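Contents: one structure, followed by commentary.
The values are calculated or read from the model by the stated rules, or taken from the named source; none is laboratory data. As the structure is a computational prediction, the values presented were derived from the model and not from experiment. Positions of Cβ are backbone-derived with ideal geometry, glycine not excepted, and every protein chain shown enters the neighbour counts. Each accessible area value is taken on the protein alone, full model and side chains, heavy atoms only, with ligands, DNA and RNA left out. Shrake-Rupley method; radii C 1.70, N 1.55, O 1.52, S 1.80 Å.
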Amino acid sequence: MVPRINEQWRVRLTFERRAVTDSLLSYAGLREKDWVTNWGGVVRTGGRVQLEYTPVGRFGAFAGIGGYSVQGQNVQSNTKIDAGIGAYYSVLREPRQNLTLAVGAFYMGYDHNLSGFTFGQGGYFSPQQHIIGQVQAEYIARWDDWSFRTVGGIGYQAYRTSSNAAFPTNSAMQAQLQQAAVLDPTIQTQVRGQRSAGLTGSVFANLEYAINPNLRVGAAGRYERVGNYDEAVGLFYLRWRLDRPRADLAPYYEGAPYPTLNVNDPIQSSFRQGRPEWIQLPQGATRPTW
């Protein structure tokens, strides 16, 4: 939801309930063959509010903050907060293609480090402090019924994780592990904390074809490195839109100063807080472009 305050200011409100896909444990959960109890299957639920400033057609800035509850079956409960600020400028702006450069800084933090894979841990990247500064480039093109979008980002990150019990949800198991560690010092009783800093990056691409005004077929892929996690994702998809442009508004879309998009990023990413998607009324129209 993107309510407009005036011609220069708007607020973007989002709510999501999404599986955490960092590992098999966090996404699907695990069950040891000798146990009757499952754990894992972590889900993130929360929302974000972002204020966006667009004083001129080529330039804009944004700042936002979000909060989430992170829960899993027999996994220690967690909370996450994130915040970001950035600005963007369209260096190439033509009717059928657009190139935008952006800079931004982002922060996220969790209450607990649940990156381990023992019972009660979640198997997902959950630093207590994580800061990223990055630059991004986004290229969008549209020709006939085809749409293409690619986003690449590179930056510098620093993060810190704290130590946590190996069995954070079961004090009896944790006590037994600590007793065993007295006899065998090689046994680890905690998921150790760490500090790290270095380069980070992501690249995303999406190609989509409009079979008709409502039905789209597309392919998308992303590679990302954040913290000590590498992730590669790819998919093919069909997308059915319930709305379509009114025929009497078609003239307003011709000769627009930027390409109107079919693309609506089907893969969410930790870099999705980049330049906001266009939501703008063409001159004389009564509804947004799409």
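Before moving on, here are some points about what is shown:
- Close amide-amide hydrogen proximity is noted between Phe119 and no other residue 5 or more places distant or on a separate chain, at a cut-off under 5 Å (H modeled in the peptide plane; Pro and chain starts excluded).
- Gained length - Asp145 relative to Ser171, 0.36 nm times residue gap less alpha-carbon distance: 3.4 nm
- Cα gyration tensor category, rounded, prolate or oblate, for segment 126-190 with a/c compared to 1.5: prolate
- Estimated inter-spin distance, Leu30 and Thr14, nm [label 7 Å along Cα→Cβ]: 3.0
- Each Lys and Arg contributes +1 and each Asp and Glu -1, all at the Cβ; summed about the Cα centre of segment 1-99, the dipole is approximately 260 debye.
- Gained length - Arg160 relative to Ala63, 0.36 nm times residue gap less alpha-carbon distance: 32.6 nm
- FRET efficiency, 1/(1 + (r/R0)^6) with R0 30 Å, evaluated for Ala87 and Asp111 via beta carbons: 0.45
- Global geometry of segment 176-216, whether rounded, prolate or oblate, following the gyration tensor of its Cα atoms and the 1.5 cut on a/c: prolate
- Amide H contacts of Leu92 (H built 1.01 Å from N, under 5 Å, at least 5 apart or other chain): Leu99
- Accessible surface of segment 101-154, 1.4 Å probe: 66 percent of it comes from carbon and sulfur atoms.
- Segment 65-196 - accessible surface per residue (Å², probe 1.4 Å): 49
- Protein-only accessible surface order, largest first, of Glu16, Glu231, Glu208, Glu7 at 1.4 Å: Glu7, Glu231, Glu16, Glu208
- Applying 1/(1 + (r/R0)^6) with R0 = 41 Å to the Cβ-Cβ distance of Thr37 and Asp184 gives a FRET efficiency near 0.95.
- Long-range HN-HN contacts of Gly60 with modeled amide H, under 5 Å: Tyr88
- Whole-Hz ³J(HN,Hα) from phi, Karplus 6.51 cos²θ - 1.76 cosθ + 1.60, for segment 12-25, glycine and proline x: 10, 10, 10, 9, 8, 10, 9, 5, 8, 9, 5, 8, 4, 4
- About its Cα centre, segment 71-228 has a charge dipole of approximately 160 debye under the convention of +1 per Lys or Arg Cβ and -1 per Asp or Glu Cβ, with nothing else charged.
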